[in-house]
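Reading through the structure tokens given below for one structure.
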């Protein structure tokens, strides 16, 4: 187990001070600054990086990097306007202007200071390009971070998640004052999680290893509510934190990202739910913020919704699973959406364009000998609520992840190393047909226990059951389910071709004050006893025929030792 006392507290102390005066979920959050969203990094490549930001004013900004100066062309982002039913005190007067600059001609795995000047204010940071495809950084590797289910929203500042007790070790049960709510608000949890990622990313970059952060769906609570997107960017490129200014972020959509907001018979309160127009609006908001690699989709509305990113030795394939299959069928991941009406969402099932794309990309990654990761929101194997059978009614789930099991054969055939998902707000590790599946829904919202209605028979580890709480009086000494992320390191093997892959589940451990029950003094970086280490060894080119495996994984059995 890795323990880093005080590391996170030092990183977030200034941020927590700022949070006190950052406004409330019911008051006005509008702050007039040149940057609506500060500069953030997108679409990393070995020779290029995109820098984006949003301004209130229709005025060009300037980006300086690598001894060159670029002038932006602001574009009014009408899709980032508010629904009429959103609280007036949380609305800017008008939609912002998007600035997007693609910097090309850069060197692989190289860091470049950059600055952006917008209407008299300057933001400075450092970007680092990806290694050449198949290569690593000068430190010998790359580092990736995965989390899901941040579900950012202003209300999170006053909301503490339900925290059902994990099993307790003998002699150390949870004290009564804890109740069933987590120790800090969801906003503090998400900010602390991002601060830890930022600290670890900085450490990796100092060692010469490029970094990437991926959000595996449900970035916001309601994708149709602009105030929720405003809150997300406060965390990632704003007053709460600027991780995305230094670490490129890639994302996939979850069902909450296309959700308009709660429906109501009162027209002044109705935010649309999963009706087709508002899911289209929510999708446009996501696509306005993110620039992902081209996927060649014939329907331009599907561009950016699924994509391939090459990051040194890693090929990361991202899918959109927010609606697919036949309406109300066993392959339907959203029983509230009409497949024929919501054609702006790509299908994922066999015969669809996205499925054909996935097959081609898996074959190409195999031929190149890459370490292949796949990510999408709906976890195929889950012990949580979304692991139930698909459908409506008792014992079923209208957003079930079970339909995605139909892709497991493809992943096995093409030697996928791991699949990262969210959806259920828990840390869980499953193993099916030689492929590791991770549920990483511990970004900053709920902390759910396994669902009592079913069993995940592919489960290897779940934090709720396998990390028992140990309390000494009013202080939690170890264990429990907490917020966090998964950290992945891919490095060059010391002996022979191929790469070493380590996948580490990280959680934020709250250090409590024994004199004041419930007061969090500090945070520690800890890891669950479910660290996976394996070697990915490409086969020789002569063996890389379509029917062969691209990578041979050795020593791939995960540690299942309980804490």
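The values are calculated or read from the model by the stated rules, or taken from the named source; none is laboratory data. Quick caveat: nothing in here was measured; it's all calculated off a predicted structure. Quick reminder, even Gly has a Cβ in these numbers, built from the backbone with ideal geometry, and neighbours come from all protein chains shown.
Details
- Within the range 452-480, residues that are within 28 Å of residue 434 (Cα to Cα) reach partners that are assigned to a helix (DSSP H, G or I) with beta carbons closer than 7 Å, at six or more positions or on different chains, in the pairs 454/387; 456/387.
- Selection of the range 382-401 for residues being crowded, with 21+ Cβ neighbours inside 10 Å, in contact (Cβ under 8 Å) with a residue 24 or more places away in the chain and under 20 Å from residue 327 (Cβ atoms) yields 386, 390, 399, 400, 401.
- Taken over the range 305-322, the criterion of being in contact with a helix residue (DSSP H, G or I) (Cβ under 8 Å, 6 or more places away or on another chain) and buried (at least 21 other Cβ atoms within 10 Å of the Cβ) is satisfied by 305, 306, 315, 317, 319, 320, 321, 322.
- Strands (runs of 3 or more DSSP E) within the range 15-77 that include 1 or more residues more than 18 Å from residue 242 (Cα to Cα) and at pLDDT 95 or above: 62-65, 68-71
- Inside the range 330-343, residues that are in contact with a helix residue (DSSP H, G or I) (Cβ under 8 Å, 6 or more places away or on another chain) and either crowded, with 17+ Cβ neighbours inside 10 Å or at positive phi (or both) make up a count of 6.
- Residue within the range 268-276 that is within 23 Å of residue 399 (Cα to Cα) and surrounded by 24 or more Cβ atoms within 10 Å (Cβ to Cβ) present: no
- Being assigned to a helix (DSSP H, G or I), within 19 Å of residue 216 (Cβ to Cβ), in contact (Cβ under 8 Å) with a residue 40 or more places away in the chain and touching a strand residue (DSSP E or B) at 6+ places or on another chain (Cβ under 9 Å) is a description that does not apply to residue 316.
- Once the range 373-415 is narrowed to residues that are under 21 Å from residue 304 (Cβ atoms) and in a strand (DSSP E or B), the residue that is nearest to the chain's Cα centre (by Cα) is 375.
- Note on the range 206-224: residues that are in contact (Cβ under 8 Å) with a residue 24 or more places away in the chain, more than 17 Å from residue 444 (Cβ to Cβ) and out of contact with any strand residue (DSSP E or B) (no Cβ under 6 Å at 6 or more places or on another chain) amount to 3.
- Within the range 288-302, the residues that satisfy the criterion of being within 20 Å of residue 374 (Cα to Cα) and in contact with a helix residue (DSSP H, G or I) (Cβ under 8 Å, 6 or more places away or on another chain) are 295, 296, 297, 302.
- Single residue of 208, 217 found to be out of contact with any helix residue (DSSP H, G or I) (no Cβ under 6 Å at 6 or more places or on another chain) and either surrounded by fewer than 24 Cβ atoms within 10 Å (Cβ to Cβ) or under 23 Å from residue 478 (Cβ atoms) (or both): 208
- The range 421-446, residues that are crowded, with 24+ Cβ neighbours inside 10 Å and in a loop (DSSP other than H, G, I, E, B): 422, 423, 424, 425, 426, 441, 442, 443, 444, 445
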